[in-house]
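The values are calculated or read from the model by the stated rules, or taken from the named source; none is laboratory data. All of these numbers come straight from a predicted model, not from anything done at the bench. Cβ placement follows ideal geometry from the backbone for every residue including glycine, while neighbour counts extend to all protein chains displayed. Ligands, DNA and RNA are excluded from the accessible area calculation, which covers all protein heavy atoms including side chains. Shrake-Rupley method; radii C 1.70, N 1.55, O 1.52, S 1.80 Å.
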Amino acid sequence: MGITGFKQIDMLIGVIPRDWIVEFYGDDKLVYLLFHYTLAYQSSFGKVLLFHTVDFGGLDPYLLQKLSKILRGDIDRVYISRGFRLGDVVEGLKNIMNRDDYRCLILAYPYYHLLNDPSIYRVATMITGYIKKIAQSGKRVILFNSLSRFGKYYPDGGSYHHHTVHVIIRLIRRRNGRGVAEIFKHPWKPIGARTLFYIDNLVRWSNWGGQRLLSEWLYIKN
């Protein structure tokens, strides 16, 4: 069983233990699209919890519904929580850690609310700690992240986060219409191993660019 449902990326990652944390970061558009793809695909196997921190939008219900039909997912198995403040993220993960009624946790930008101040990254350590405990409980944990705000090559979250995640895949968009999924960290595979894919193969389901209505959020179970 793959991680994203996108064959070329899943082959790059390979078969990995269930308690390994997998992370994608890099080009914002590719991360956004693969996030929807993975959410739809994972829902075909059972209940999925989505914890989303972006304060506006970030989830396209039309795209998710289309992908669920294509990937044989079940939108009724997707349960959504949102963290609008840094404290909400910490408390939300703490609550999720005590739940056992799901098989997969998908985290969208868990470090979104951190300030551009290295001293506040002590809170990132708490967030990463909860993520680690959730994965150790046997849940599949998949993260979608952004580049570090301090101009590094790493995904956001700090050094403890980087050492905790088992598999990190960087997504790159090329001008020739191709995307690149590159291994940034993997215990079993060489760093820099990559796969190329045509972006149109990933985005052929046109996503809706309008604003999200409350009724659309309520369509997906909370």
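Among the residues making up region 137-155, those that are on the phi < 0 side of the Ramachandran plot, at pLDDT below 95 and either among the hydroxyl-bearing types (Ser, Thr, Tyr) or assigned to a loop (DSSP other than H, G, I, E, B) (or both) are 146, 148, 149, 150, 152, 153, 154. The strands (runs of 3 or more DSSP E) located wholly in region 18-136 that include 3 or more residues which are open to solvent by 10 Å² or more (accessible area, probe 1.4 Å) occupy 78-82. Taken across region 2-13, residues that are closer than 26 Å to residue 193 by Cβ, among the hydroxyl-bearing types (Ser, Thr, Tyr) and at pLDDT 90 or above do occur, with at least one present.
Yes/no per residue for (1) within 30 Å of residue 159 (Cα to Cα); (2) touching a residue at least 12 places away in the same chain (Cβ under 8 Å); (3) more than 16 Å from the chain's Cα centre (by Cα):
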| site | (1), (2), (3) |
| --- | --- |
| 46 | no, yes, yes |
| 74 | no, yes, yes |
| 82 | yes, yes, no |
| 97 | yes, yes, yes |
| 101 | no, yes, yes |
| 105 | yes, yes, no |
| 109 | yes, yes, no |
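Do we find that residue 179 is loosely packed, with under 14 Cβ neighbours inside 10 Å and not aliphatic (A, V, I, L, M) in this structure? Here the answer is no, as residue 179 does not meet what is asked.
For region 183-193, the count of residues that are open to solvent by less than 80 Å² (accessible area, probe 1.4 Å) and at pLDDT below 90 is zero. Would you please name the residue that is modelled with the lowest pLDDT, looking only at residues in region 56-85 that are of a type in the set (A, V, I, L, M) and touching a helix residue (DSSP H, G or I) at 6+ places or on another chain (Cβ under 6 Å)? The selected residue is 63.
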